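What follows is a set of notes on a single structure, which appears directly below.
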Amino acid sequence: MNRVSQSLMKGWIGLGSRFLPFADAATPDLPLSRLLRLSLFQVSVGMSLVLLIGTLNRVMIVELGVPASLVGIMLSLPLIFAPFRAVIGFRSDTHRSELGWKRVPFIYKGTMLQFGGLAIMPFALLVLSGGGQAGHAPAWIGQLGAALSFLLVGVGLHTTQTVGLALATDLAPVESQPKVVGLMYVMLLLGTMASALLFGILLADFSPARLIQVIQGTAVATIVFNAIALWKMEARGRSTKTVAHVPTFQQSWESYLRGGQAMRRLVTVGLGTMAFSMEDVLLEPYGGQILHLTVGDTTKLTAALAVGGLSGFGLASRVLSRGFDPFRMAGYGALVGIPAFLAVIAAAPLSSALLFGLGTLLIGFGAGLFGHGTLTATMNLAPQDQAGLALGAWGAVQASAAGVAIALGGIMRDLVASVAPPNTLGAATGYVSVYALEIIMLLATLLTMAHLVRDGQDGRLQARVRPDNAGVRTT
């Protein structure tokens, strides 16, 4: 590493220790420099998510003329694999490799799947658009190729992210694991924000050739970032023998569900995630079709979402470190989301791009509060021997709910737009109906959250009455 690189790394580490939420997760055995290097796998995941949800959905709907329902279904394909995140985490926990690695083989396979999907994606999109000689090919060829590329990217990023987070918890001491996982998600938001800004600059003058270059560059960056993140990160075990008395996944899952309010927590995570995700496939087309924003401008909306999410994570980190109830924090996130969606709805009749941007920022802020609150509660309430399974369950429910929400958002927009009578909202009617449904779902999330907050208060009261049980984990 030359002097310039050393100076940049030292500056990044110094900046992280001062301003990054969860930077205090570093320990003498796990310094911040190593944590930040490991977090590069989250940056690669953020790049792919921005490309799929933030950039390609607007390009396919507005520039390529693909129906929003088809785009919504395609963009939800990467999340079909999400329910298996808990299984992936469990398998990596019990995996025995001849090379002595548990996590590295899974992350490597996930990286290659992600790279493969990105490699074929630009050519699949060219066929899907019907340009050139592709116009003579059956439509299903382009649709199948695009769907396959999205599915490969989804399987790859879910595998990489799940096992990467498990590796982070392996390296961290027990008391620092929630902070380390939180730092990984902060880096995901930073990667999302930086990628959105970069894609916005590169696609300011949109052309199909430029889009292909961006996708190919993302594929190469994925390989490079994940290779750097994994280099000498996991120690090789000396024994490859299977450990006796390892419970099956079903046994571990049933044991986890027997914990206090586990199912209610997962339902709340699913409802809130759907409420904050249904608009993902529609924000950029909404800005382009209704407010007439350019591709570069609408891509920057993803950066606004990430900035809001990072701000929410930072505020939640500071407040929760003082003992604030994580469920109450998640409830405040849902409350912030209601006026945020109202602002996005009002932007159409007012033709206000500024109001639209502000609403998008607040959506990210509310989602950050909600996500950090539920993540912290999950890690705090997980049994000590099931932290990986609990994290996988949280991620599986969150990603699955997001996939369902994205698909429903696109389908609902097309259905409402096709049957709604002409009114003052015009083409915005389909979009507004989705945003209104998200407000209703946020209200439902608050109702389910109220029971969790009440149970948490009862538990703290019981702890005060019986101080001899203080500090004992009961789930």
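Points worth noting:
- Some residue of region 180-191 being surrounded by 15 or more Cβ atoms within 10 Å (Cβ to Cβ) and modelled with pLDDT under 70: no
- Cβ-Cβ distances below 7 Å connect the following pairs, each with a first residue in region 297-321 that is in contact (Cβ under 8 Å) with a residue 60 or more places away in the chain, a second residue that is polar (S, T, N, Q) and assigned to a helix (DSSP H, G or I), and a separation of six or more residues or different chains: 299/55; 301/360; 302/192; 304/360; 305/360; 306/192.
- For region 132-147, filtering for residues that are modelled with pLDDT under 80, assigned to a helix (DSSP H, G or I) and loosely packed, with under 14 Cβ neighbours inside 10 Å leaves 6.
- Among the residues of region 294-330, those that are over 13 Å from residue 370 (Cβ atoms), crowded, with 20+ Cβ neighbours inside 10 Å, of a type outside the set (D, E, K, R) and out of contact with any Lys or Arg (no Cβ under 6 Å at 6 or more places or on another chain) comprise 295, 299, 301, 302, 303, 304, 305, 306, 307, 310, 317.
- Residue within region 59-67 that is outside any loop (DSSP other than H, G, I, E, B), under 21 Å from residue 394 (Cβ atoms), of a type in the set (A, V, I, L, M, F, W, C) and modelled with pLDDT under 75 present: no
- At least 2 residues being surrounded by 18 or more Cβ atoms within 10 Å (Cβ to Cβ), at pLDDT 85 or above and hydrophobic (A, V, I, L, M, F, W, C) is the threshold, and among the helices (runs of 4 or more DSSP H) wholly inside region 208-280 those reaching it are 208-230, 262-277.
- Residues that are hydrophobic (A, V, I, L, M, F, W, C) and in a helix (DSSP H, G or I), drawn from region 26-50: 32, 35, 36, 38, 40, 41, 43, 45, 47, 49, 50
The values are calculated or read from the model by the stated rules, or taken from the named source; none is laboratory data. Owing to the predicted nature of the structure, the values given are computational and were not obtained by experimental measurement. Glycine gets a Cβ as well: all are built from the backbone with ideal geometry, and neighbour counts include every protein chain shown.
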